[in-house]
Amino acid sequence: MVIITHRGGWGNVPLKKSPDILPIVKGIQDYLSSKGVSSVVVPYRRAPVKPPATTPTLPIQLKALTEMLDLHHSQAHRLVVQLDSFAMANPRLKFIFVSVSNGAVFSNQVLELLPQQLAERTYSIELGPPFWHGLLRGENNLILDNDGADPLTTGEVEIVFASLFKGISNILSSWFSGKKPRWEEVWHITDHNYPWEQVRPAILQFLEHRVIAQGTANP
């Protein structure tokens, strides 16, 4: 099993520095291992990391932003081609996307573009995808929105913009103090958090009934 992670923001923060998704990935791996299924984690970066900074350059930001807003799907197409080639060379492998926020939109975009045979071998766990993307929903993808409480998924724009302005204020304040935090560190939206203990029951049920059960039925 190949677990492909798609982080939020620009999608370029290393997985080990992503506390919003790392515990979920570890929890999924532990569960699969308990069922006798081995897995490997492949973090996918939608923008390159340029040490020591973690914010990409303006052209890269614009390209990533316009793809988040569904204006093009260049990265999604690129990943589909890579996955299709790898899947053809490894016909028994299955794939799980684990994604959060903007990464969840990206996962959903990729699902829409997958050829049928590859789509049947691909599962997607999407946490808090933003409201502006019309989500593809199916048996092979689990979409979580904190039971309708996540304003970024449900489209409560007044809450989203209020938190955005607060984030801008926080980052300006940090700059004046000589600090250079990542945007993800200063912009927080109420109920746009998905701790492992909270989402664990839904994710394990999905894995048991879709991934494990389907694998048993189709060895």
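The values are calculated or read from the model by the stated rules, or taken from the named source; none is laboratory data. Bear in mind that the values here come from a model prediction, so they are computed numbers and not experimental data. Reconstructed Cβ throughout: ideal geometry from the backbone, glycine too, with neighbour counts over all protein chains shown.
Remarks
- Hey, VAL80 assigned to a helix (DSSP H, G or I), in contact with a helix residue (DSSP H, G or I) (Cβ under 9 Å, 6 or more places away or on another chain) and over 19 Å from VAL25 (Cβ atoms) or not: yes
- Every condition in (1) among the hydrophobic types (A, V, I, L, M, F, W, C); (2) in contact with a Leu (Cβ under 6 Å, 6 or more places away or on another chain); (3) under 20 Å from THR190 (Cα atoms) holds for VAL105 except the one numbered (2).
- Flag for GLY167 being at pLDDT below 85, surrounded by 13 or more Cβ atoms within 10 Å (Cβ to Cβ) and more than 22 Å from PRO43 (Cα to Cα): yes
- Of the residues making up the range 29-45, those that are surrounded by 15 or more Cβ atoms within 10 Å (Cβ to Cβ) and within 28 Å of HIS77 (Cβ to Cβ) are SER39, VAL41, PRO43, TYR44, ARG45.
- In the set LEU136, LEU118, only one residue is surrounded by fewer than 21 Cβ atoms within 10 Å (Cβ to Cβ) and assigned to a loop (DSSP other than H, G, I, E, B); that residue is LEU136.
- Pairing residues of the range 84-112 that are on the phi > 0 side of the Ramachandran plot with residues that are not acidic (Asp, Glu), at Cβ distances under 6 Å and at least 6 apart in sequence or on separate chains, gives SER101/GLY8; SER101/GLY128.
- Some residue of the range 178-185 being modelled with pLDDT of 75 or more and on the phi < 0 side of the Ramachandran plot: no
- Flag if ALA119 is out of contact with any His (no Cβ under 8 Å at 6 or more places or on another chain) and of a type in the set (A, V, I, L, M): yes
- Some residue of the range 150-157 being farther than 30 Å from VAL42 by Cα and in a helix (DSSP H, G or I): yes
- Checked against (1) surrounded by fewer than 19 Cβ atoms within 10 Å (Cβ to Cβ); (2) at pLDDT 75 or above; (3) farther than 23 Å from LEU144 by Cα, GLN75 passes all but a single condition, namely (1).
- Scanning the range 1-27 for residues that are over 20 Å from LEU111 (Cα atoms) and at pLDDT 95 or above gives LEU22, PRO23, ILE24, LYS26, GLY27.
- In the range 121-133, residue surrounded by the fewest Cβ atoms within 10 Å (Cβ to Cβ) [restricted to those that are part of a loop (DSSP other than H, G, I, E, B) and free of Cβ contacts under 8 Å to residues at least 40 places away in the same chain]: PHE131
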